[in-house]
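Starting off with a structure, shown below.
The values are calculated or read from the model by the stated rules, or taken from the named source; none is laboratory data. Bear in mind the structure is a predicted one, so any value in this text is a computation, not a measurement. For neighbour counting, all protein chains shown are included, and Cβ atoms are generated from backbone atoms with ideal geometry for every residue, glycine included. With ligands, DNA and RNA removed, areas are computed over all heavy atoms of the protein, side chains included. Shrake-Rupley method; radii C 1.70, N 1.55, O 1.52, S 1.80 Å.
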Amino acid sequence: MKKKISQSQLILPLLDAIEERGGAAKARDVYDLVAEKVHLPAEERIARITISGHTYNAFEREVRWAQQRAKLQGLLRPAESGLWTLTDKGSSALTKATPGLVVTIFMTDKGAALWGHCEDAVGLLDDKSISLIFSSPPYPLLRKKEYGNLDEREYLDWMVRLAETWMPKLASDSSVVLNLGDAWRRGEPTLSLYQERLLIRFEDDLGLKLCQRFAWQSPSKLPAPAEWVTVRRVRVKPSLENIFWLSTSDNPYADNRQILVPYSNSMKAVLKRGGQEAASRPSGYTMAAGAFGNDNGGAIPGNLIVAANTESNSDYIRGVKAAALPVHPARFPADLPETFIKFLTRPKDLVFEPFGGSLTTAAVAEALDRRWVASECMLEYIQGGRLRFPHAQAA
């Protein structure tokens, strides 16, 4: 494996991955999570090396060395029963917000970055003010649990309670867009149905209706879980993540003319000759002469969004490294929020990102002349995200 990520750079993503598994996990359960957090190319995830006659997965070996470094730094406990377990110091490797306290870290002419838990931060917003909530909530719960005890019901209850705090703040024609990743059941190649259960809870408990499903395809997505995809070969690489567009309104604001895509060459040819020729389809549909002859500036896109998540040398990454700040390990490409901000909001509308992360959504909203508020519970991530805003002012 060509070494692009140092062992020290793997420590923070490793701690995040263990925390996402409940604060304690076996090595095999965190390898794929760490690989996704550092956007490791698929070929490097499965690359192998031979040392003293023994063959190893090169990336997993680097993660194990990172685990040793973290243990020496007091971030992980010595392994017991094969578990890598966070210490209190490891759980607080970043500066976490105090529950109930929200601090404005910086502002721009269009937005504000808030350091605080999202449940607290949303309370500072005016009622009926939010036009769009766009976010990728964490899964599973970031709470310590006994190994193997991922309580799906508790996660669903938490998400419903969280969304309940959003409801008074949503404008009458607003939207909520959530990117929810798949969760594999422990020890078996089957998927949790938490997404479906959550959608039902959202509608039954809160009146949030599903407007449309979208899928995000990342061509660079890893073949995970490795146990089922690359080792036992009983599943294929999951290339899609679900994005759900919800609203309390039957008719939230939306305009697909704002996200048209270039016409195909065949459609350009149709336009050039003035439209389709008159014809009858086998289905019984009759095509009138000149149909599809109007140039509307582009084609209506489908609900599949193709966007690579391979950022490795961006201004953001170079900036946070130069400032000795941690790179946020779970970023998504700007194409995702850009699509939905253009589609579901108008200039000057307010976009709220409850899990601000590296402030990608906020930066896209700023560039598109939308107002924005982003909350994030880790101070260092806000400080790193601030580098996306050269004219930001300290609050």
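Based on the Cα gyration tensor of the range 308-369, what are the three equivalent ellipsoid semi-axes, each the root of five times an eigenvalue, rounded to whole Å and given largest first?
Value: 24, 12, 10 Å, ordered largest first.
Accessible area of Thr50, 1.4 Å probe, to the nearest 10 Å²?
100
Another question, then. Considering only DSSP beta bridges with both partners in the chain, what is the antiparallel share in %, to the nearest 5?
Given both bridge residues lie in the chain, the antiparallel proportion sits at roughly 65 percent.
How far is the Cα center of the range 224-273 from the Cα center of the range 1-77, in Å?
Using only Cα atoms to place each centre, the spacing works out to 31 Å.
Quick one: accessible area per residue over the chain, 1.4 Å probe, rounded to a whole number of Å²?
Normalised by residue count, the accessible surface of the chain is 49 Å².
Next question, about the same structure. Size of the dipole of the range 122-268 about the Cα centre, Lys and Arg at +1 and Asp and Glu at -1 on the beta carbon, nothing else charged, in debye to 20?
Taking the Cα centre of the range 122-268 as origin, the dipole is about 740 debye.
List the extent of the Cα atoms of the chain along each of their three principal axes, largest first, rounded to whole Å.
74, 53, 43
Expressed in whole Å with the largest first, what are the equivalent ellipsoid semi-axes of the range 123-259 derived from the C-alpha gyration tensor as the square root of 5 times each eigenvalue?
Its equivalent ellipsoid spans semi-axes of 30, 20, 12 Å.
Could I ask something else about it? Met107: accessible area at probe 1.4 Å, nearest 10 Å²?
Rounded to the nearest 10, that gives 90 Å².
At 7 Å along the Cα-to-beta-carbon direction for both Ala395 and Thr190, put a label point, then send me their distance in nm to one decimal.
It is 4.6 nm.
Could you give the size of the charge dipole of the range 248-395 about its Cα centre, using +1 on the Cβ of each K and R and -1 on the Cβ of each D and E, expressed in debye and rounded to the nearest 20?
With Lys and Arg at +1 and Asp and Glu at -1, about 340 debye.
Would you compute, for the Cα atoms of the range 39-85, the largest minus smallest coordinate along each principal axis and list the three values in descending order, in whole Å?
Principal-axis extents of the range 39-85 (Cα, largest first): 31, 29, 19 Å.
Report, in deg cm²/dmol and to the nearest 500, the calculated mean residue ellipticity at 222 nm for the chain, where each DSSP H run with n ≥ 4 adds -39500 (n - 2.57) and the sum is divided by the residue count.
One gets -8000 deg cm²/dmol as the mean residue ellipticity at 222 nm.
Give the angle, between 0 and 90 degrees and rounded to the nearest 10, that separates the Cα long axis of helix 58-72 from the longest principal axis of the Cα atoms of the chain.
Here the helix axis deviates by roughly 50 degrees.
Summing +1 for each Lys or Arg and -1 for each Asp or Glu, what net charge is found among the other residues whose Cβ lies under 14 Å from the Cβ of Ser131?
+1
Here's something else I'd like to know. Which of the pairs Lys26/Lys71; Lys26/Lys221; Lys37/Lys321; Lys110/Lys348; Lys37/Lys221; Lys128/Lys348 have their Cα atoms more than 18 Å apart in this structure?
Lys26/Lys221
Can I ask one more? Would you please put 253-263, 171-181 in order of how densely packed they are, using the mean number of other Cβ atoms within 10 angstrom per residue and starting with the highest?
Per-residue Cβ counts within 10 Å, averaged per peptide and sorted highest first, yield 171-181, 253-263.
With each pseudo-label sitting 7 Å past Cα toward Cβ, what's the Ile200-Ser91 distance in nm, one decimal?
About 3.3 nm separates the two model spin labels.
Given +1 on the Cβ of Lys and Arg, -1 on the Cβ of Asp and Glu, and no further charges, what dipole in debye does the chain carry about its Cα centre, rounded to the nearest 20?
Using Cβ point charges on Lys, Arg, Asp and Glu, the chain gives about 1360 debye.
How much solvent-accessible surface does Arg69 expose, in Å² to the nearest 10, with a 1.4 Å probe and all protein chains in place?
Its heavy atoms expose roughly 110 Å² to the probe.
Counting only protein heavy atoms, what percent of the accessible surface of the chain is carbon or sulfur at a 1.4 Å probe?
Roughly 50 percent, rounded to a whole number.
Pick out, from Leu162, Ser175, Ala79, the residue whose Cα sits farthest towards the positive end of the charge dipole of the range 57-199, with +1 on the Cβ of Lys and Arg and -1 on the Cβ of Asp and Glu.
Result: Ala79.
Measuring from label point to label point, each 7 Å out along Cα→Cβ, what is the Arg48 to Asn294 span in nm?
Between Arg48 and Asn294, the label points sit 6.0 nm apart.
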